Amino acid sequence: MTKLPKPPSLRLDGKRALVTGASSGIGLGCAVALAEAGAHVVMAARGRAKLDSAVDAIRDAGHNAEALVLDVADIDATAERVPEHGPFDILVNSAGIARHSPALETDPEDYDAVMRVNVRGAYFVSVAAARGMIEAGKGGSIIQISSQMAHVGGPERAVYCASKHAVEGFVKSMAIEWGAYGIRVNTICPTFIRTPLTEPTFADPDRVRWIEEKIKLGRVGEIEDIMGATVFLASEASALVTGTSLRIDGGWTAG
């Protein structure tokens, strides 16, 4: 009699997850996906009002969530507050900003602002979550919401691309260092997703034409396109996946 392999579970019951940038957009979608898979989700964002509204909506849907007001750019606050709410089994860092301009016109203040959140903040929130996982001896999954722009370039996106290329680099190194503790570290790299952050781009007809030409599947991304990937990387279904990126880009980076 053939012994059949047991499919891995996508359920996250009993898991504790931290999602940053969770009050709207991709971060909110990730929080919903993890909560529906059974995780208790700590939702972090800078603004209290939108965050509380998002938490209430998830609770009203019958899931477990709580709010944490946190700015990942404040690494001292991150180092203090993350352990207070952990240890976590899952981190999804969706906090990020974009300030686009031609490279010759880049404002140093814009450069610093993007790097402070997208690189420095992302780096140290990973460290805070990993430290808790290691001290608890529980392993876990760390997921950075990166971008297709971590693998290609784009007009007026030199600073943003630089920040996301940096994320891909430190994720690989963290995966190497923390694998011995059972911690997996990966990125999700979306194409252009309709969110409040990307509305200025979609309001520009020239940009929309450029996007549609690049996406081989013929449509832009929706928040729902990110949710399944988040659960996959958070769950035991991806137990041997670390140090890599999952590109949800409609074929953009295929060529």
Is there a residue in region 211-230 that is at pLDDT 95 or above, of a type in the set (S, T, N, Q) and buried (at least 16 other Cβ atoms within 10 Å of the Cβ)? yes
Condition check for Ile176: over 18 Å from Asp74 (Cα atoms) and aliphatic (A, V, I, L, M): yes
State the number of residues belonging to region 104-141 that are in contact with an Asp or Glu (Cβ under 8 Å, 6 or more places away or on another chain), part of a helix (DSSP H, G or I) and farther than 18 Å from Val171 by Cβ. 0
Name the pairs: first residue in region 117-136 and farther than 12 Å from Thr20 by Cα, second residue among the aromatic types (Phe, Trp, Tyr) and outside any helix (DSSP H, G or I), Cβ to Cβ under 8 Å, at least 6 apart or on different chains? Gly132/Phe88; Met133/Phe88
From the list Val159, Val167, which one is over 21 Å from Arg219 (Cβ atoms), within 14 Å of the chain's Cα centre (by Cα) and modelled with pLDDT of 95 or more? Val167
Residue set Ala31, Ala73; condition closer than 23 Å to Phe124 by Cα and out of contact with any strand residue (DSSP E or B) (no Cβ under 9 Å at 6 or more places or on another chain); output residue Ala73
Residue check, Val152 against (1) aliphatic (A, V, I, L, M); (2) in contact (Cβ under 8 Å) with a residue 40 or more places away in the chain; (3) outside any loop (DSSP other than H, G, I, E, B); (4) surrounded by fewer than 18 Cβ atoms within 10 Å (Cβ to Cβ), all met but one. Which one? (3)
Looking only at region 37-62, count every residue that is in a helix (DSSP H, G or I) and under 21 Å from Ile193 (Cα atoms) and tell me the total. 3
Of the numbered conditions (1) buried (at least 19 other Cβ atoms within 10 Å of the Cβ); (2) closer than 30 Å to Arg131 by Cα; (3) polar (S, T, N, Q), Thr191 fails exactly one; give the number of that condition. (2)
Would you check if Val72 is within 19 Å of Ile142 (Cβ to Cβ) and outside any helix (DSSP H, G or I)? yes
What residue, among those in region 175-198 that are under 19 Å from Asn118 (Cα atoms) and either aromatic (Phe, Trp, Tyr) or part of a helix (DSSP H, G or I) (or both), is modelled with the lowest pLDDT? Leu197
Which residue, of Ala136, Ala77, Ala73, is surrounded by 18 or more Cβ atoms within 10 Å (Cβ to Cβ) and of a type outside the set (Asp, Glu)? Ala73
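The values are calculated or read from the model by the stated rules, or taken from the named source; none is laboratory data. Source: prediction; values computed, not measured. Please note: Cβ atoms are built from the backbone with ideal geometry, for glycine as well, and neighbour counts cover all protein chains shown.
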